[in-house]
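Reviewing the structure listed below.
The values are calculated or read from the model by the stated rules, or taken from the named source; none is laboratory data. Keep in mind that this is a model prediction, so the values were computed, not measured. Note that we place each Cβ from the backbone using ideal geometry, even for glycine, and neighbour counts take in every protein chain shown. For accessibility, only protein heavy atoms count, side chains too; no ligands or nucleic acids. Shrake-Rupley method; radii C 1.70, N 1.55, O 1.52, S 1.80 Å.
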Amino acid sequence: RNPFLSIFTQFPKHVASGGYLPRPTKKEQETPGKGQESVWSYPRPPVCKEAKGRKVTVKIGETIIAETERAWRMMEESHPPTWYIPKEDIKMDFLKPSQALKTTCEFKGQAVYYDVKVKNKLAKMVAWTYPKPEDDQSCIKEKFAFYLQRGVDAWVDGVKAKPQEGDFYGGWITPDIVGPFKGGPGTRFW
């Protein structure tokens, strides 16, 4: 099996997005307001920080898949944070291993994908985890992240999060961050 064709099939927008837009200059980056942070202040390689006291809820329709106040945010330059939820705070009966290919992140390691099935609704490849994350990313071990643009919705502190553009990155856009954000056409190499 050709791995390039498989990733192309699984993440067609990402592969086709190219990288031809220049990185935003300081002037083109949004200025954070009070209580906000710029994704352009995040480091690369990424860092993971506990989101202490932030309530995170993940749903398909009206069914709660996960709910926690123990989430962690993975923050990487140009990306909205990816939120990781401890396995103990997820209704794991809804998650089923996906037939998807595993992917590898140069910083986090190999990701394994999961489908979520609630009643007669099947959302494919909406969750992922790093069973053996790289040592400096051990904070995400036993935690799962969720894509929002595949039938899953999430709320952070009662406010509905928006998905990061594209089909590969799993960041959540919340009112406390500003961009511009990586993920749209032409931004793959930001």
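Here are a few things to note about the model shown:
- Filter pass, Gly171 being among the small types (Gly, Ala, Ser), open to solvent by less than 30 Å² (accessible area, probe 1.4 Å), within 12 Å of the chain's Cα centre (by Cα) and closer than 17 Å to Pro46 by Cα: yes
- Taking each residue of region 20-35 that is in contact (Cβ under 8 Å) with a residue 24 or more places away in the chain and looking for partners that are among the aromatic types (Phe, Trp, Tyr) and assigned to a loop (DSSP other than H, G, I, E, B) with beta-carbon atoms closer than 7 Å, six or more apart or interchain, yields Arg23/Trp190.
- Condition check for Gln29: over 16 Å from the mean Cα position of the chain (by Cα), open to solvent by 40 Å² or more (accessible area, probe 1.4 Å), of a type in the set (S, T, N, Q) and closer than 19 Å to Val178 by Cβ: no
- Some residue of region 85-93 being part of a loop (DSSP other than H, G, I, E, B) and buried (at least 23 other Cβ atoms within 10 Å of the Cβ): no
- Screening Lys124, Lys132, Lys117, Lys96 for residues that are part of a strand (DSSP E or B), out of contact with any Phe, Trp or Tyr (no Cβ under 7 Å at 6 or more places or on another chain) and surrounded by fewer than 20 Cβ atoms within 10 Å (Cβ to Cβ) leaves exactly one candidate, Lys124.
- Subset of region 177-190 [under 17 Å from Ser41 (Cβ atoms), open to solvent by less than 30 Å² (accessible area, probe 1.4 Å) and over 15 Å from the mean Cα position of the chain (by Cα)]: Val178, Gly179
- Given (1) farther than 19 Å from Thr57 by Cα; (2) in contact with a helix residue (DSSP H, G or I) (Cβ under 6 Å, 6 or more places away or on another chain); (3) at pLDDT 90 or above, number of the condition Glu142 does not satisfy: (1)
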